[in-house]
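**Student:** Before I ask anything, let me first share the structure, which is written out below as structure tokens.
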Amino acid sequence: MDWLETTEFLLKQYRKRKQELSDMLAGGSAKDYAQYQRIVGEYSGLEFAEQEILDLHKRMQIEDEDSE
């Protein structure tokens, strides 16, 4: 598995989990404020990781174009 397949897999997993968390928040599943904070924090962390991977894709694409 190359780096692109690996990162695409991670992006898919992150997006799936973000949807689950979003559904939890929309459905009022948080039992208390502490759980709400945990859900929002996890979502925020996944957003950050997803953006880092997307930025990596851009950098790698530029490097591939420059080497041609």
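The values are calculated or read from the model by the stated rules, or taken from the named source; none is laboratory data. Here the structure is a predicted model, which is why all the values come from computation and not from measurement. So basically every Cβ, Gly included, is an ideal-geometry build from the backbone, and we count neighbours across all protein chains shown. Each accessible area value is taken on the protein alone, full model and side chains, heavy atoms only, with ligands, DNA and RNA left out. Shrake-Rupley method; radii C 1.70, N 1.55, O 1.52, S 1.80 Å.
**Student:** Starting from the Cα of Ile53, move 7 Å in the Cα-to-Cβ direction to define the label point; list residues of region 1-39 whose amide nitrogen is under 17 Å from there.
**Tutor:** 1-22
**Student:** Then there is this: Using a probe of 1.4 angstrom, how much of the accessible area of the chain is carbon and sulfur, in percent? Display every interim value, and only then the final one.
**Tutor:** Details: 2750 of 5200 Å².
Here carbon and sulfur together make up 53 percent of the probe-accessible area.
**Student:** Among Tyr43, Thr7, Ser67, whose Cα sits farthest toward the positive end of the charge dipole of the chain (+1 at Cβ of Lys/Arg, -1 at Cβ of Asp/Glu, about the Cα centre)?
**Tutor:** Checked the options; the winner is Tyr43.
**Student:** Sum -39500 (n - 2.57) across every DSSP H segment of at least 4 residues in the chain, then divide by the residue count to get the 222 nm mean residue ellipticity, nearest 500.
**Tutor:** Working: 2 runs with 58 residues, N = 68.
Calculated from helices alone, the mean residue ellipticity at 222 nm is -30500 deg cm²/dmol.
**Student:** How far is helix 33-66 tilted, in degrees, relative to the longest principal axis of the Cα atoms in the chain, given as a value from 0 to 90 rounded to the nearest 10?
**Tutor:** For helix 33-66, the angle is close to 10 degrees.
**Student:** Could I ask something else about it? Collect residues whose amide H, placed 1.01 Å from N in the peptide plane, falls under 5 Å from the amide H of Ala30; neighbours closer than 5 in sequence don't count.
**Tutor:** none
**Student:** Work out, step by step, the length gained on full extension between Leu4 and Leu25: first 0.36 nm times the residue separation, then minus their alpha carbon distance; give nm to one decimal. Before the final figure, lay out each step's value.
**Tutor:** Working: separation 21, 0.36 × 21 = 7.56 nm, distance 3.13 nm.
Extending this stretch completely gives an extra 4.4 nm.
**Student:** Could you give the C-alpha radius of gyration of region 7-68 expressed as a fraction of 2.2 N^0.38 Å, taking N as the number of residues it contains?
**Tutor:** That works out to 1.49 for region 7-68.
**Student:** Right, another one. Starting at the first residue of region 23-29, write each ³J(HN,Hα) from the Karplus equation 6.51 cos²θ - 1.76 cosθ + 1.60 with θ = phi - 60°, in whole Hz, x for Gly and Pro.
**Tutor:** 5, 4, 5, 5, x, x, 6
**Student:** Can you spot the lysines whose alpha carbon is less than 24 Å from Lys58's alpha carbon? Ignore those fewer than 8 places along the same chain.
**Tutor:** Candidates past the 8-residue exclusion: Lys12, Lys16, Lys18.
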